[in-house]
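The values are calculated or read from the model by the stated rules, or taken from the named source; none is laboratory data. Predicted model only: the values in this text are computed from it and were never measured. Every residue, glycine as well, gets a Cβ built from its backbone with ideal geometry; the counts of neighbours run over all protein chains shown.
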Amino acid sequence: MFALLGVPVAFIIILLLVRKKFPYGISIIIGAVIIGIFCRFTVEDFLNSAVETVKDKDTLNLTAIIILIGILGYSFKKTGQINITIDELRRLFGEKTVLAALPAAFGMLPIPGGALMSAPVIEPEANRLGLTPEHKTYLNIWFRHTLLMVFPLSAMIILSASLVHVSVYSVIVRLFPLFLIAVTTGYIVGLKPIKAPPRHEESGSLLKALYGLSPIIVVIILNIVFHIGFAVGLVVGVLLLFIENKVSVKEAAHMVKKGFSWEMAVAIVGIMFFRQIINNSGVVTDIMNLLEGTPTILLMVGLPMVISLFTGLAVLSIGVSFPLLFPLSPLPPPLFAAILYTSAFTGYLASPLHLCLILTKEYFGCSLLNVYKRFLPSVAVLVCYNVLLTMFLL
């Protein structure tokens, strides 16, 4: 029973450290060490767990993928290639649709607080249509994150799939109904009320829009068609981006250096170390005995959502809750991953600590309370779907 106390203590310490702006990778490692101490780990036990973590193929592969996604995202921004897609989307779609398409396009760039990049881009269109600051904020946040439910290069989806040892696409297939519900909700709440004037702009080119996204498309094709891992595919994608933009070796080295994120690398290693400690400690068996009779739905839907809500970090929620709850789940791994991903994602969307939400509402100059009046009912739709799905499956 003493070992079990380490889990809530670790959670509290992790939450406190993250709230104090401590790097969340280090926070998770500290949480893992606390669990190990409560489980009476020796120094040798900790060292063995650390060695197992860094030697694990999943750890190495996942860390490489997350680092390369960061480099690709930064390089997209610096070369300006994403602007090709954005300009064509402006011409291809009407004013209303472009307010959803532009944030979604920027959403493919894995940059913390990246909603601040798309906010100025949609502002002229939104102003022309007479939208309120709260309405602009809703559109920018909602549609920026909707695509992350089915985007194969989303760090959150890759991590979720990796932690339960299934393919990214098996999780995406289970998330697709949620994606459709989110798009429909966003349309009804955000786009339908807008009255747009007739368009007089020249037509855009879908081929040019796809060309702007070619490095990402190549990564996905290499993975689906040729079964080449994301890590290798991302290297090809980055090189293709450099070639398309005639980037010099010096400029490329600078982009790689700037796009490299030690914080994300440590976060992934920390999450995998946490998982290793959980597995080696045997604390999951104690948790199963303690929670016998507790509705599984409460754990699967509630825990990841609460962690995301209090931290504003979906990756942290996924990394902590998956290792704890996966052994307790009677569901197939892809379904388990989809349900917990949705729980973590909805808590992240609604969190007052969500960086994208904070930056966007500050940019458009509106209060969080007024944004929530439109935003929270939309999040509630996704939560209700997840609860009903979990109840049906269990």
Next on the checklist: Against the conditions (1) more than 24 Å from the chain's Cα centre (by Cα); (2) outside any helix (DSSP H, G or I); (3) surrounded by fewer than 16 Cβ atoms within 10 Å (Cβ to Cβ); (4) at pLDDT 85 or above, where does residue 165 fall short? Just the number, please.
Outcome noted: (1)
Checklist outcome for this item: Across (1) over 20 Å from the mean Cα position of the chain (by Cα); (2) on the phi < 0 side of the Ramachandran plot, residue 246 clears everything bar (2)
Item to check | Unmet requirement for residue 174, which otherwise passes all of (1) touching a residue at least 12 places away in the same chain (Cβ under 8 Å); (2) more than 21 Å from the chain's Cα centre (by Cα) | outcome: (2)
Item to check | Filtered residues of segment 230-253 (kept if exposed (fewer than 14 other Cβ atoms within 10 Å of the Cβ) and either more than 17 Å from residue 67 (Cβ to Cβ) or not aliphatic (A, V, I, L, M) (or both)) | outcome: 243, 246, 248, 249, 250
Checklist entry - In segment 254-279, what residues are in contact with a helix residue (DSSP H, G or I) (Cβ under 7 Å, 6 or more places away or on another chain), surrounded by fewer than 22 Cβ atoms within 10 Å (Cβ to Cβ) and among the basic types (Lys, Arg)? => result 258
Checklist entry - Applying the selection to segment 219-235, what residues are assigned to a helix (DSSP H, G or I) and either in contact (Cβ under 8 Å) with a residue 24 or more places away in the chain or more than 25 Å from residue 163 (Cα to Cα) (or both)? => result 219, 220, 223, 224, 230, 231, 234, 235
Checklist outcome for this item: Condition set touching a Ser or Thr at 6+ places or on another chain (Cβ under 8 Å) and buried (at least 24 other Cβ atoms within 10 Å of the Cβ), scope segment 350-377, selection nearest to residue 317 (Cα to Cα): answer is 357
Item to check | Condition check for residue 275: within 23 Å of residue 344 (Cα to Cα), of a type in the set (D, E, K, R), in a helix (DSSP H, G or I) and at pLDDT below 90 | outcome: yes
Checklist outcome for this item: Only one of (1) of a type in the set (A, V, I, L, M); (2) buried (at least 24 other Cβ atoms within 10 Å of the Cβ); (3) at pLDDT 90 or above does not apply to residue 131, and that is (2)
Item to check | Selection within segment 28-82 - within 20 Å of the chain's Cα centre (by Cα) and of a type in the set (Lys, Arg) | outcome: 77
Checklist entry - Is at least one residue of segment 321-340 out of contact with any Ser or Thr (no Cβ under 7 Å at 6 or more places or on another chain), over 25 Å from residue 56 (Cβ atoms) and at pLDDT below 85? => result no
Next on the checklist: Kindly evaluate residue 150 against the criterion of being within 18 Å of the chain's Cα centre (by Cα) and at pLDDT 95 or above.
Outcome noted: no
Next on the checklist: Every residue in segment 311-328 that is of a type outside the set (Val, Ile, Thr) and within 17 Å of residue 267 (Cβ to Cβ), please.
Outcome noted: 312, 313, 314, 316, 317, 319, 321, 322, 323
Item to check | Residues (under 17 Å from residue 385 (Cα atoms), touching a Leu at 6+ places or on another chain (Cβ under 8 Å) and surrounded by fewer than 24 Cβ atoms within 10 Å (Cβ to Cβ)) located in segment 297-330 | outcome: 297, 299, 303
Checklist entry - Going by the structure shown, is residue 239 over 23 Å from residue 103 (Cα atoms), at pLDDT 95 or above and of a type outside the set (S, T, N, Q)? => result yes
Checklist entry - Does residue 157 satisfy the criteria of being surrounded by fewer than 23 Cβ atoms within 10 Å (Cβ to Cβ) and under 24 Å from residue 314 (Cβ atoms)? => result no
Item to check | Matching residues, segment 237-270, being part of a loop (DSSP other than H, G, I, E, B) and aromatic (Phe, Trp, Tyr) | outcome: 260
Checklist entry - For the subset of segment 143-162 comprising residues that are hydrophobic (A, V, I, L, M, F, W, C) and not in a helix (DSSP H, G or I), which member is farthest from residue 192 (Cα to Cα)? => result 153
